[in-house]
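Student: Have a look at the structure that comes next, please.
The values are calculated or read from the model by the stated rules, or taken from the named source; none is laboratory data. On a predicted model such as this, the values are computed, not experimentally measured, just so you know. Neighbour counts are summed over all protein chains in view; Cβ atoms, including those assigned to glycine, are modelled from backbone coordinates with ideal geometry. Side chains are part of the model used for accessible areas, which takes the heavy atoms of the whole protein and leaves out ligands, DNA and RNA. Shrake-Rupley method; radii C 1.70, N 1.55, O 1.52, S 1.80 Å.
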Amino acid sequence: MKFAALQIEVEGGDPAGNLERAERAIETAVDRGADLLSLPELWNVGYFATEAYERFAEPLSGPTLDRIGTLADRHDVAIVAGSIIEDLEQTAGQTPAETGLANTTVLFDESGERQATYRKHHLFGYESKEAALLTPGDSLGIAEIGGLTVGLTTCYDLRFPELYRRLLDAGVTFVVVPSAWPYPRVEHWMTLTRARAVENLTYLAGVNGVGAAGGQELIGRSRVIGPWGTIRGSAGTEPDILLVDLDPKRVQTVRNRFPALEDRRDM
């Protein structure tokens, strides 16, 4: 399995331009042999462009996700479509609220079919409008892709390890974390991504963007960590496509060799 973190430049309030950059990155990653790709958090609108949330909100069947699903089918690759601002009222089916907005991630399989949907559980309150503007999710997003059980979380979720234990208990072996992580909290990003992988003996990919909006600048530094805590690949602070080979059998091998998870106790 070859995974690609698409560290694209995200321009706040410019969905058309961001989509063009996303499409180019997808095509380049496909040409390089990627099997599973991921975009960053709120890559189409820009996380810090909060004034644009309501204007560019879409249902799950809206044009942005439809386009990503079409690209997955066309190129025969699975795609974690980063996240978008979802209009819950327009989405048909079960949602955490009848109205409002959510920060929503979707995983498409190689046929362009939606296999998992995840709405960000932990909404950022500190110097951010996210908690006031959005509705938190209430369910996990998990799908089987290429021999890996893929679980979805989003950015700020990294600070809440209990969510990752739920994914562990659900059998997840690879966590993909679309993010919009800003300066100055570089060390937090580096530490938390690695900690979530180490404590759960799992693969984890933090997929961040680059660019500035709303007075904030994203740090980039997308990275993939193995179940033993080793850094399998990392990007810098410029737009990049990070390609990493993943072995679906590696997680169980590590867990067998170092069975720390068997020593868990309820407290």
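Student: Which residues in region 252-267 have a backbone N closer than 18 Å to a point placed 7 Å from the Cα of Asp169 along the Cα-to-Cβ line?
Tutor: 260-267
Student: If you average the C-alpha positions of region 199-267 and of region 52-93 separately, how far apart do those two centres end up, in angstrom?
Tutor: Using only Cα atoms, the two centres lie 24 Å from each other.
Student: Continuing with the same structure: When each pair of different Cα atoms in region 1-94 is counted once in the 1/r mean, what is the Kirkwood radius in angstroms, to one decimal?
Tutor: It works out to 13.5 Å.
Student: For region 91-147, just say rounded, prolate or oblate: build the C-alpha gyration tensor, square-root its eigenvalues into a ≥ b ≥ c, call rounded for a/c under 1.5, and beyond that prolate if a/b exceeds b/c, oblate if not.
Tutor: prolate
Student: Could you work out the relative contact order of region 213-263? I mean the mean sequence separation of Cα pairs under 8 Å and 6+ apart, divided by the number of residues, in percent.
Tutor: Across region 213-263, relative contact order equals 26 percent.
Student: Would you work out what percent of the accessible area of the chain, with all protein chains in place, is carbon or sulfur (probe 1.4 Å)?
Tutor: 45
Student: Among Leu36, Leu133, Leu60, which one shows the highest mean-square fluctuation when the chain is modelled as a Gaussian network with alpha-carbon springs under 10 Å?
Tutor: So, out of Leu36, Leu133, Leu60, the one fluctuating most is Leu133.
Student: Moving on. Just read off the accessible area of Glu9 with the full protein assembly in place, 1.4 Å probe, to the nearest 10 Å².
Tutor: Probe radius 1.4 Å; accessible area of Glu9 about 90 Å².
Student: OK, next. So how much accessible area does Phe258 have, in Å² to the nearest 10, using a 1.4 Å probe?
Tutor: Spelled out: Phe258, probe radius 1.4 Å, area about 100 Å².
Student: Dipole magnitude of region 154-220 about its Cα centre, charges +1 at Lys/Arg Cβ and -1 at Asp/Glu Cβ only, in debye to the nearest 20?
Tutor: So the dipole magnitude of region 154-220 works out to roughly 40 debye.
Student: Just order 68-75, 98-105 by mean Cβ neighbour count inside 10 Å, highest at the front, would you?
Tutor: 98-105, 68-75
Student: Give the calculated FRET efficiency between Arg74 and Tyr183 to the nearest 0.05, with a Förster radius of 30 Å applied to their Cβ-Cβ distance.
Tutor: 0.25
Student: Also, quick follow-up: If only Cα atoms are counted, what is the Rg of region 36-153, and what is its Dmax, in Å?
Tutor: 13.7, 41
Student: Still on this model: Mind checking which of Thr253, Gly141, Ser222 is farthest towards the positive end of the chain's charge dipole, using Cβ charges of +1 (Lys, Arg) and -1 (Asp, Glu) about the Cα centre?
Tutor: The residue sitting most towards the positive pole is Thr253.
Student: Given points 7 Å out from each Cα along the Cα-Cβ axis, report the Glu144 to Ala195 separation in nanometres with one decimal.
Tutor: Going by the 7 Å Cα→Cβ label model, 3.4 nm.
Student: Give me the extension gain from Thr230 to Gln252: residue separation times 0.36 nm, minus the current Cα-Cα distance, reported in nm with one decimal.
Tutor: So the chain would gain 6.4 nm between Thr230 and Gln252.
Student: If the only charges are +1 at each Lys and Arg Cβ and -1 at each Asp and Glu Cβ, what is the size of the charge dipole of region 111-267 around the Cα centre, to the nearest 20 debye?
Tutor: 240
Student: Could you rank Lys129, Lys2 by how accessible they are, 1.4 Å probe, largest area first?
Tutor: Listed by decreasing accessible area, they come as Lys129, Lys2.
Student: Give the cross-link partners of Lys249 among the lysines, using a straight C-alpha distance below 28 Å as the criterion and excluding same-chain residues fewer than 8 apart.
Tutor: Cross-link targets: Lys2.
Student: Would you list which lysines come within 18 Å of Lys120, measuring only between C-alpha atoms, while excluding same-chain residues fewer than 8 positions from it?
Tutor: The qualifying lysines are Lys129.
Student: Hey, another quick one. Output the Kirkwood hydrodynamic radius of the chain, Cα pairs only, in Å rounded to one decimal.
Tutor: Taking the inverse mean of 1/r over all distinct Cα pairs, the chain comes out at 18.1 Å.
Student: Which whole-number percent is the relative contact order of the chain (Cα, under 8 Å, 6+ apart)?
Tutor: So the answer I get is 20 percent.
Student: Next up: Between Arg165, Arg119, Arg185, which gets the highest mean-square fluctuation from a Gaussian network model of the chain, Cα cutoff 10 Å?
Tutor: Of Arg165, Arg119, Arg185, the most mobile in the Gaussian network model is Arg185.
Student: Using only the Cα atoms of region 96-211, what do you get for the radius of gyration and for Dmax, in Å?
Tutor: Just the Cα atoms of region 96-211 yield Rg and Dmax of 14.1, 40 Å.
Student: Taking the 0 to 90 degree range and rounding to the nearest ten, how far is the long axis of helix 63-75 tilted relative to the main principal axis of the chain, both from C-alpha atoms?
Tutor: On a 0 to 90 degree scale, this one is about 50.
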